[in-house]
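The values are calculated or read from the model by the stated rules, or taken from the named source; none is laboratory data. All values derive from a computational prediction rather than experimental measurement. So basically every Cβ, Gly included, is an ideal-geometry build from the backbone, and we count neighbours across all protein chains shown.
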Amino acid sequence: MSEKKLDMTMHAEDLYREEMFTDLRMGSIRKLIPIKPDGSDDDTREVRFSGRAHIMTPGGALPLSFEIVAATLGEAAAGFGPAAEQAVEDTMRELEEMRREAASGIVLPGAADISKLGGGGLIKG
């Protein structure tokens, strides 16, 4: 069996500096500023924003991470709520799909053999 070697290469042309902002209530906004290999700002690439929040569920806190389409920190703060709401909806939809898949994948031991018996499924010996 051949083992795949992990590619652990850091790509110097794709580096970002990270800044974090929070209101200490709702969550945090992460600002990713593109930089050049020498550490100076790279104005040829777009700044990116993402949000982080937690929602409480019966099973405990569920962490959410989501992209925020914005050009400035102010726009990111204004877009935090709608992006977080969409992330909650997407997450709930994914969880429901995983529940459905898990439920449809339940196989009882011997179920295939019992179906071949016909009648009441009892073997008399």
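Of the residues making up the stretch 54-65, those that are surrounded by 11 or more Cβ atoms within 10 Å (Cβ to Cβ) and either within 14 Å of residue 29 (Cα to Cα) or touching a residue at least 40 places away in the same chain (Cβ under 8 Å) (or both) are 54, 64, 65. Taken over the stretch 66-97, the criterion of being under 11 Å from residue 29 (Cα atoms) and surrounded by fewer than 12 Cβ atoms within 10 Å (Cβ to Cβ) is satisfied by 74 alone. Only one entry in 26, 1 is at pLDDT below 95 and surrounded by 11 or more Cβ atoms within 10 Å (Cβ to Cβ), namely 26.
Which numbered condition in (1) at pLDDT below 95; (2) of a type outside the set (Gly, Ala, Ser); (3) in contact with an Asp or Glu (Cβ under 7 Å, 6 or more places away or on another chain) is the only one that residue 101 fails? Answer for residue 101: the failing condition is (3).
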